[in-house]
Amino acid sequence: MKEHLLTLFLAFTTGITLFISSWIHASIAVPVFDANDLLFEHQTTRGHLVITFNAYDDFTLSFLNRNINGFSQVGTAYGQPTAHESISLISLPADHHVPFTTHVLLSTHPKLHHMIVIESGSQIAHGAHGKETTRTDTTAFMVASTDLTGEDVLILGLDQQGAILVEIEIP
């Protein structure tokens, strides 16, 4: 009798654990923000990267950490204007809450096709193709890596043939 009760208890506990786990992994970060403000969301194994905008067209990059209670916003960076009117840059450096450095180019430039991020002293160049956003005229280019430090960064925006259209330096 005790073996049957123990088996039933273990089956019940396993079922509840699997349900909670699948619920957490199936959740999306949208409930944290107003859906009308959401521009782009990228899910990682450590949380979500979310780009939002407000009525003034100010862009924000947030890192959301996933836990048993849902999502909590643990890192935020704000868009910076660049010398190119059709491009905004957002950089979110890694810290004790954000596991990797992220650079995002938001572009309304119709010919921008690819982005490359190079840091001085690094032998690695990170690239990203454009991703669709909730705005038909805006494309997001995102690079996120633990290899990036966020210092002495050169960002190149390329057209489809590989010609450099945009060059941005972050000291």
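The values are calculated or read from the model by the stated rules, or taken from the named source; none is laboratory data. None of the values given here were measured: they were computed from a predicted structure. For neighbour counting, all protein chains shown are included, and Cβ atoms are generated from backbone atoms with ideal geometry for every residue, glycine included. Each accessible area value is taken on the protein alone, full model and side chains, heavy atoms only, with ligands, DNA and RNA left out. Shrake-Rupley method; radii C 1.70, N 1.55, O 1.52, S 1.80 Å.
Condition check: out of contact with any Cys (no Cβ under 8 Å at 6 or more places or on another chain), open to solvent by less than 80 Å² (accessible area, probe 1.4 Å) and not hydroxyl-bearing (Ser, Thr, Tyr). Does GLY121 satisfy that? Criteria not met by GLY121. Of ALA144, ALA163, ALA140, all but one fail to be open to solvent by less than 80 Å² (accessible area, probe 1.4 Å) and without any contact (Cβ under 8 Å) to a residue 24 or more places away in the chain; the exception is ALA163.
Out of THR108, THR149, THR134, THR102, one residue alone is buried (at least 21 other Cβ atoms within 10 Å of the Cβ) and hydroxyl-bearing (Ser, Thr, Tyr). It is THR102. Kindly check whether there is at least one residue in region 112-128 that is farther than 11 Å from LEU49 by Cβ, touching a Leu at 6+ places or on another chain (Cβ under 7 Å) and part of a loop (DSSP other than H, G, I, E, B). Yes: one or more hits. Taking region 41-58 as the range and being among the hydrophobic types (A, V, I, L, M, F, W, C), modelled with pLDDT under 85 and surrounded by 14 or more Cβ atoms within 10 Å (Cβ to Cβ) as the test, only PHE53 passes.
Taking the conditions (1) more than 20 Å from GLY47 (Cβ to Cβ); (2) in contact (Cβ under 8 Å) with a residue 60 or more places away in the chain in turn, SER91 satisfies each one other than (1).
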